Amino acid sequence: QVQLVESGGGLVQAGDSLRLSCAASGRTFSNYVMGWFRQAPGKDREIVAGIRVSSTYYSDSVKGRFTISRDNAKNTAYLQMNNLKPEDTAVYYCAAYRGLGLRVSVSDYDYWGQGTQVTVSS
């Protein structure tokens, strides 16, 4: 089992950058696929990015602006967000599962953090 704690959210202006961090408990962090999701008010939770070893996935809306990475020695995953837009405003969640492939559905992920708010003003 793994516990996840996000940090790094905040209020920024359009065009700014933020880096979210996800600290994970446990000794087998490297065995987990990590994902970043977001949920805006009134909308469904959606995947933003995922990482399995060195393989990555990005949603079309963030491709070229966001970068997911992980440091297994620090049990931490990151989401670097550049050129932020007002439509990126949401609560961002870190999630994890242990299994095959790099999955992108909410239901595929077993462990979730509490979320961190990102607000981008125009």
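A few points about this structure:
- Ala49 under 11 Å from the mean Cα position of the chain (by Cα), farther than 14 Å from Gly113 by Cα and open to solvent by less than 70 Å² (accessible area, probe 1.4 Å): yes
- Those residues of the stretch 62-79 which are closer than 30 Å to Ala14 by Cα and open to solvent by 60 Å² or more (accessible area, probe 1.4 Å), in sequence order: Lys63, Gly64, Thr67
- Candidate set from the stretch 47-74 (those that are hydrophobic (A, V, I, L, M, F, W, C) and on the phi < 0 side of the Ramachandran plot); member that is modelled with the lowest pLDDT: Ala73
- Unmet criterion (only one of (1) touching a Leu at 6+ places or on another chain (Cβ under 6 Å); (2) surrounded by 18 or more Cβ atoms within 10 Å (Cβ to Cβ); (3) of a type outside the set (Lys, Arg); (4) outside any strand (DSSP E or B)) for Asp16: (2)
- Residues being over 15 Å from Leu20 (Cβ atoms) and of a type in the set (Gly, Ala, Ser) - total across the stretch 43-58: 2
- Picking from residues in the stretch 25-41 that are crowded, with 20+ Cβ neighbours inside 10 Å and either of a type in the set (D, E, K, R) or not in a strand (DSSP E or B) (or both), the one that is farthest from the chain's Cα centre (by Cα) is Phe29.
- Qualifying positions in the stretch 80-105 - without any contact (Cβ under 8 Å) to a residue 40 or more places away in the chain and crowded, with 23+ Cβ neighbours inside 10 Å: none
The values are calculated or read from the model by the stated rules, or taken from the named source; none is laboratory data. Quick caveat, the model's predicted, so the values are computed rather than measured. Glycine gets a Cβ as well: all are built from the backbone with ideal geometry, and neighbour counts include every protein chain shown. Calculation scope for accessible area: heavy atoms of the full protein, side chains included, ligands and nucleic acids excluded. Shrake-Rupley method; radii C 1.70, N 1.55, O 1.52, S 1.80 Å.
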